[in-house]
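Notes follow the structure.
The values are calculated or read from the model by the stated rules, or taken from the named source; none is laboratory data. The structure presented is a predicted model; accordingly, all values stated were derived computationally and were not measured. No Cβ is skipped: glycine too gets one built from the backbone with ideal geometry, and neighbour counts run over all protein chains shown. Accessible surface is based on the protein model in full, side chains and every heavy atom, while ligands, DNA and RNA are left aside. Shrake-Rupley method; radii C 1.70, N 1.55, O 1.52, S 1.80 Å.
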Amino acid sequence: MAEPGTLPTGFRELEVLAVGTVLLVEALSGLSLNGLTIFSFCKTPALRTPSHLLVLSLALADSGISLNALVAATSSLLRRWPYGSDGCQAHGFQGCVTVLASICSSAAIAWGRYHHYCTRSPLAWSTAISLVLFVWLSSAFWAALPLLGWGHYNYEPLGTCCTLDYSRGDRNVTSFLFTMAFFNFLIPLFITHTSYQLMEQKLKKSGHLQVPALIAKTVPTINAINYALGSETVCRGIWQCLSPQRSEQDRAK
C-alpha cells in the first residue's frame, strides 16, 4: 500500500486521479439511480408487491456496491488508503456482501418472473421475503469466511481499496475462490439462464412473446459475468499493463 501523500508504485498522478474520477462518477450515478428505485418502491403503493421486493433487494445491493466504490474513489483521489488494515477488512467484507447479494438477487428476480409467467400464480409475500433473507444471509456468510481464515481480503494493486485477494496461489485461497464461484456465480447463472429460457419457451407457445429471446437470455448472463469477473480481474489486468516491471517480478517469483 502507498504511504500517505505518495503515489502507489508503478502508477502516475494522472492514472490515479483518472481511476478515482471514474469510480466517483460510477458511485454517484449508482447511488442516484438505485436511490430512485428505492424511493419509488417506498412511495408508490402499486409497486409494493412481492415481485418488486426482489427488485428492491437488487437496488439495495447495487447501492451498497456504489457506496463501496465511493470509498475507493475517495481513497484514490487522496492517493492513499486512510482507514488502516481494519478498515480494509471492513471495506472488503462490505463489497463482497453487496456483490454476492446483487448476483443472487438477479437470480431471484429471474426465478420470480418465471414463476409469474409460467405458473400464472402471483408470488407470495412469504416466498419473496424468504428469498430476500436467504440472499442476504447467504451473501453475509460467504463474505465472512475470509475474516475467519478461509480466503483473504487485501489491498488492490492501486492500494486505495480492498477486495478478495486473488494474487495468492496457495490452497486456502484457491479452494475458497473456486467454491465461492460455484455457489455464488455458476448456480445463480444457471438459475437465471434456465428461468428465462423456460419463460421464453412458455411465452412462445402461448404466442405472447414480446421481448426478443436473445435479449431475454443474454442480458442477465452478461450482468452476472460482469459482477463476477469485472471488478478484480479487470483491475489486475490494468495493473499488469501499467506496471510491466512489477508483473515481470511477480512472474519471476
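Within the stretch 94-128, the residues that satisfy the criterion of being within 12 Å of the chain's Cα centre (by Cα) and hydrophobic (A, V, I, L, M, F, W, C) are 96, 97, 99, 100, 101, 103, 104. Filtering the stretch 168-207 to residues that are in contact with a His (Cβ under 7 Å, 6 or more places away or on another chain) and not in a helix (DSSP H, G or I) leaves only 168. Here the condition is being in contact with a Lys or Arg (Cβ under 9 Å, 6 or more places away or on another chain) and assigned to a helix (DSSP H, G or I); of 31, 17, it holds for 17 alone.
Here the stretch 127-181 is the region considered, the condition is being charged (D, E, K, R) and surrounded by 13 or more Cβ atoms within 10 Å (Cβ to Cβ), and the residue that is farthest from residue 49 (Cα to Cα) is 168. Residue 82 falls short on exactly one of the conditions (1) at pLDDT below 85; (2) touching a helix residue (DSSP H, G or I) at 6+ places or on another chain (Cβ under 8 Å); (3) outside any helix (DSSP H, G or I), and that condition is (1). I'd like to know if the stretch 232-245 contains one or more residues that are at pLDDT 50 or above and open to solvent by 80 Å² or more (accessible area, probe 1.4 Å). Looking for residues that are at pLDDT 50 or above and open to solvent by 80 Å² or more (accessible area, probe 1.4 Å), one finds none in the stretch 232-245, hence no. Which ones in the stretch 152-167 are aromatic (Phe, Trp, Tyr) and assigned to a loop (DSSP other than H, G, I, E, B)? 166, the sole residue that qualifies. Among residues of the stretch 78-126 being aromatic (Phe, Trp, Tyr) and open to solvent by 40 Å² or more (accessible area, probe 1.4 Å), the one that is nearest to residue 62 (Cα to Cα) is 93.
In the set 36, 54, which member is assigned to a helix (DSSP H, G or I), within 27 Å of residue 114 (Cα to Cα) and open to solvent by less than 40 Å² (accessible area, probe 1.4 Å)?
None of the others qualify; the one that does is 54.
Going through (1) of a type outside the set (Gly, Ala, Ser); (2) without any contact (Cβ under 8 Å) to a residue 60 or more places away in the chain; (3) open to solvent by 30 Å² or more (accessible area, probe 1.4 Å); (4) in contact with a helix residue (DSSP H, G or I) (Cβ under 6 Å, 6 or more places away or on another chain) one by one, residue 202 falls short only on (2). Scanning the stretch 58-77 for residues that are open to solvent by 10 Å² or more (accessible area, probe 1.4 Å), more than 19 Å from residue 164 (Cα to Cα) and within 21 Å of the chain's Cα centre (by Cα) returns 58, 60, 63, 74.
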